[in-house]
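The values are calculated or read from the model by the stated rules, or taken from the named source; none is laboratory data. As the structure is a computational prediction, the values presented were derived from the model and not from experiment. Reconstructed Cβ throughout: ideal geometry from the backbone, glycine too, with neighbour counts over all protein chains shown. Just so you know, the surface numbers come from the protein's heavy atoms only, side chains and all, with ligands and any DNA or RNA stripped out. Shrake-Rupley method; radii C 1.70, N 1.55, O 1.52, S 1.80 Å.
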Amino acid sequence: MEVLLNIGMYHYLVLALILFCIGFWGLIVCRNIIKSLICAEIMLNACAINFIVFAQYLDASHLHGAVFAVFIAVLGLLELGLAAALVVSIYRYKQSTDLERISDIRG
Amino acid sequence: MGNLVTISFYMIAFILVGAALCAVFSTRIKTVLFYTLIMFFAFGLLSLQLNCVLNGAIQIMLGCGGAILLLGFLAVLTPKKAPNEVKLEFRPRMFLSLGAVAMFFLTLLWALFDNYLKRLLDIMSGSLVINREISTVETISENMTANYAIDIGIAAIVLLLLAVGVGMVGIFKRNEEKM
């Protein structure tokens, strides 16, 4: 009980692990491209939590992990923007967002 | 004080995991986006709890931007209906979630305008003890404002919890019916 009540590094790591597993599982199972993107975002954010937690508990300056977390957030944002444009163009071309139906890429 | 940190951690963890599960399991794209927004807010809160203010602010801004995007998305993709066909129906999930988000923003605005954001962050990260004792006449309004902001923040998190819980129950029930 004491372990559950005193929040420490391992609690955050377990939370990040659970989120990463949910994202990974969704990425494998979901065939919809938008849901796959959301799952990738969940995985990225789980990694960001790890960075922040390690910076908070193991880094004296608390800075490096925060910088990486911001970098990951910006990366995720760019990925979402690019993917949204791709989804729109694929939907116009295929009339579907099913990943199984996207088998050819032409320049 | 440790109790407040513990409770807020478990609340945020429940919101995060619940919203992630809801986003993965839900079948409608609007629901997926909606729970993704809640997830961004929860990520922001978790970052704030870990003293990573910049990332927390970015995540919350992402949530706000996503909310605006979602509104646009709904406006574009929702089929147009004649005014007499539009039905007003009570949706508890949507009501609870919107209420929670509105209250969360109210708390943030209140904290910002009253210069209590730092105190709110300190309380969330566990480095400040809430002082509910009012000693002098001058501090009455100050203490009351801070305490109300904290109370509303906690109420917003509880509402978010309720919204995610109701959403999870609804989605699993729907899945059961399908099976």
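Looking across segment A:6-37, just one residue is β-branched (Val, Ile, Thr), more than 7 Å from chain B (Cβ to nearest Cβ) and closer than 19 Å to B:TYR10 by Cβ, and that is A:VAL14.
Pick from A:VAL87, A:VAL53, A:VAL70: which is hydrophobic (A, V, I, L, M, F, W, C) and at pLDDT 85 or above? Give the derivation first.
Details: A:VAL87 fails: at pLDDT 85 or above; A:VAL70 fails: at pLDDT 85 or above.
When all the criteria are applied, what remains is A:VAL53.
Residue-wise test of (1) open to solvent by less than 80 Å² (accessible area, probe 1.4 Å); (2) in contact with a Phe, Trp or Tyr (Cβ under 7 Å, 6 or more places away or on another chain); (3) acidic (Asp, Glu); (4) within 10 Å of chain B (Cβ to nearest Cβ).
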| position | (1), (2), (3), (4) |
| --- | --- |
| A:CYS39 | yes, no, no, yes |
| A:ALA48 | yes, no, no, yes |
| A:TYR57 | no, no, no, yes |
| A:HIS62 | no, no, no, yes |
| A:PHE68 | no, yes, no, yes |
| A:VAL74 | yes, no, no, yes |
| A:LEU78 | no, no, no, no |
| A:ALA85 | yes, no, no, no |
| A:VAL88 | yes, no, no, no |
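Restricting the first member to segment A:86-101 and to residues that are in a helix (DSSP H, G or I), and the second to residues that are modelled with pLDDT of 75 or more and open to solvent by 70 Å² or more (accessible area, probe 1.4 Å), the beta-carbon pairs closer than 7 Å and six or more apart or on different chains are A:LEU99/A:ARG31; A:GLU100/A:ARG31.
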